[in-house]
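Here's the structure, in structure tokens; my notes come after.
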Amino acid sequence: MPVSDIFRIKICGLNDFENAVAVSHSGADAIGLNFFPQSKRCVEISTAVKIANTVRGEVQIIGLFVNASQTEIEEAHKRVGFNWIQLHGDEPVEFAQSVYQSTGVPILAASRGSLIRWATLPDDFHPQALLMDAAVPGSFGGTGHLSNWDLAATWRTMPHLKHLVLAGGLNPENVAQSIRAVQPSAVDVAGGVEVTGQPGIKDLAKVEAFVSAARKAFAELPKD
């Protein structure tokens, strides 16, 4: 997949088949399937396969992993078929490079609260996109806390970073403001569009409001 094919709007942490199919019809560009066992949004591999086989071609499918082994990621990819692999733990650059080389799938590398780890990289490999999430001690994301928009906005000054996906505390009410402030390539939401008290189950009205607000804000950004 060419890097230019990055999605704009990603709905992450889907773990119910019928809900995921409905979200895929909402106008979003991508869905995230979380394979981190400790996450309250973790999806069963059989459900992920069923979701992917049903919505493939309508949305991009992103597999999210936290400090998983390369073998685990490769096996999940063989069964599900990802458009992107999201590394959301403490994976080193060399691991990201190895996963990309073995799968051929673009890498979405997460950074929590800082861009430093991915700001200066060896010339032979750069993740195809970086995701900026909030820094919350002891957590790997999905907390509902806002990321640092001022810091995230500096991504355009970093020559190695071709695309930034903004995550962390986004919802239908603030996503347009975040896009205007950061001018990211894409936005990512999980808890901000969920049914209250049901992690992984999205409120379709909230999803549609989020997609509408984000789409409008992206359209209003200055053209590069």
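Throughout, read-outs are computed from the coordinates displayed, never taken from laboratory work. These numbers come from a predicted model, not from an experiment. Cβ: placed from backbone, ideal geometry, glycine included. Neighbour counts: every protein chain shown.
Of note:
- The chain: relative contact order in percent, alpha carbon pairs under 8 Å with at least 6 residues between: 19
- For the chain, the residue among Phe35, Leu131, Leu204 whose Cα projects farthest onto the positive side of the dipole built from Cβ charges is Leu204.
- Under 14 Å from the Gln198 label point (7 Å along Cα→beta-carbon), backbone N, segment 1-44: 14-23
- Within segment 179-208, backbone nitrogen closer than 18 Å to the virtual label 7 Å beyond the Cα of His25 toward Cβ: 201-208
- Given charges at beta-carbon only (K, R positive; D, E negative), |dipole| of the chain in Debye: 380
- Segment 145-171 residues near the modelled Val93 label - backbone nitrogen below 16 Å, point 7 Å along Cα→Cβ: 158-163
- In the chain, lysine pairs with alpha-carbon atoms under 23 angstrom apart (chain gap of 8 or more, or interchain): 17
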